[in-house]
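Take a look at the structure below.
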Amino acid sequence: MKIAALTSIAAAAVAASLPLAAHHSFSAEFDASKEIKATGAVTKLDWQNPHGWIHLTVTEICERTATPRGPDAARAPDAVEQEWACRAPGSNEQEADWAFELGSPNGLMRQGWTRNSLKQGDVVTVLGSRARDGSTNSNARSVTTADGKRLFAGSSQNAAP
């Protein structure tokens, strides 16, 4: 009886710690100074905790260095917003497959999202920040649909869309 109780307690402790281990701060994984704008077709919308994800087959990738915001803006009063540098993804098939982190499903629902907000094949433009590791993962700030509807992505970045 005692072994079963201890096993249950140990299993509950491990299960409770998993979501915490998977969570991260924005700046640990993403670089707010490396903005990205990607247009492509939705291949999948993952509606899961702690973050939702949009997966795209990208047809155009635009990047730029962001203008300093917040406390850094005072240090760079002459900063000029950079132009977007756009390109098609490379010939490597993996370069066209991108994933964009969203907020939690609960946070997205409070922003007006549903599981059906995006469907496979929908063409969208995602504005966000590149991953620090240079991968094809990014953090989304906003998603604009083909009909012009703009959805806030519930980003953990401390910036307005």
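The values are calculated or read from the model by the stated rules, or taken from the named source; none is laboratory data. Small disclaimer: the values here were computed from a predicted structure and weren't measured. Counting neighbours? That spans all protein chains shown, and the Cβs are built from the backbone with ideal geometry, glycine included.
Kindly indicate whether residue 48 is surrounded by fewer than 18 Cβ atoms within 10 Å (Cβ to Cβ), within 18 Å of residue 139 (Cβ to Cβ) and either touching a strand residue (DSSP E or B) at 6+ places or on another chain (Cβ under 6 Å) or modelled with pLDDT under 85 (or both).
On the way: surrounded by fewer than 18 Cβ atoms within 10 Å (Cβ to Cβ): yes; within 18 Å of residue 139 (Cβ to Cβ): yes; either touching a strand residue (DSSP E or B) at 6+ places or on another chain (Cβ under 6 Å) or modelled with pLDDT under 85 (or both): no.
It is false that residue 48 is surrounded by fewer than 18 Cβ atoms within 10 Å (Cβ to Cβ), within 18 Å of residue 139 (Cβ to Cβ) and either touching a strand residue (DSSP E or B) at 6+ places or on another chain (Cβ under 6 Å) or modelled with pLDDT under 85 (or both).
State which residue is modelled with the lowest pLDDT when the search covers only region 11-26 and only residues that are part of a helix (DSSP H, G or I) and under 21 Å from residue 54 (Cβ atoms).
Restricting attention to region 11-26, the residues satisfying the condition of being part of a helix (DSSP H, G or I) are 11-22, 26.
Narrowing further to those that are under 21 Å from residue 54 (Cβ atoms): 19, 22, 26.
Details: 19: 46, 22: 51, 26: 75.
Once the filter is applied, the top-ranked residue is 19.
What's the number of the only condition in (1) at pLDDT 95 or above; (2) touching a Ser or Thr at 6+ places or on another chain (Cβ under 7 Å); (3) among the aliphatic types (A, V, I, L, M) that residue 79 fails to meet?
(1)
How about region 85-161: which strands (runs of 3 or more DSSP E) wholly inside it have at least 1 residues that are at pLDDT 90 or above and surrounded by 15 or more Cβ atoms within 10 Å (Cβ to Cβ)? I'd like the intermediate steps shown before the answer.
Numbers: elements: 85-87, 97-101, 123-131, 137-145, 150-152.
Of the strands (runs of 3 or more DSSP E) lying wholly inside region 85-161, those with at least 1 residues that are at pLDDT 90 or above and surrounded by 15 or more Cβ atoms within 10 Å (Cβ to Cβ) span 97-101, 123-131, 137-145, 150-152.
Determine whether region 52-66 contains at least one residue that is modelled with pLDDT under 85, touching a Pro at 6+ places or on another chain (Cβ under 9 Å) and farther than 25 Å from residue 110 by Cβ.
Scanning region 52-66, I find no residue that is modelled with pLDDT under 85, touching a Pro at 6+ places or on another chain (Cβ under 9 Å) and farther than 25 Å from residue 110 by Cβ, so the answer is no.
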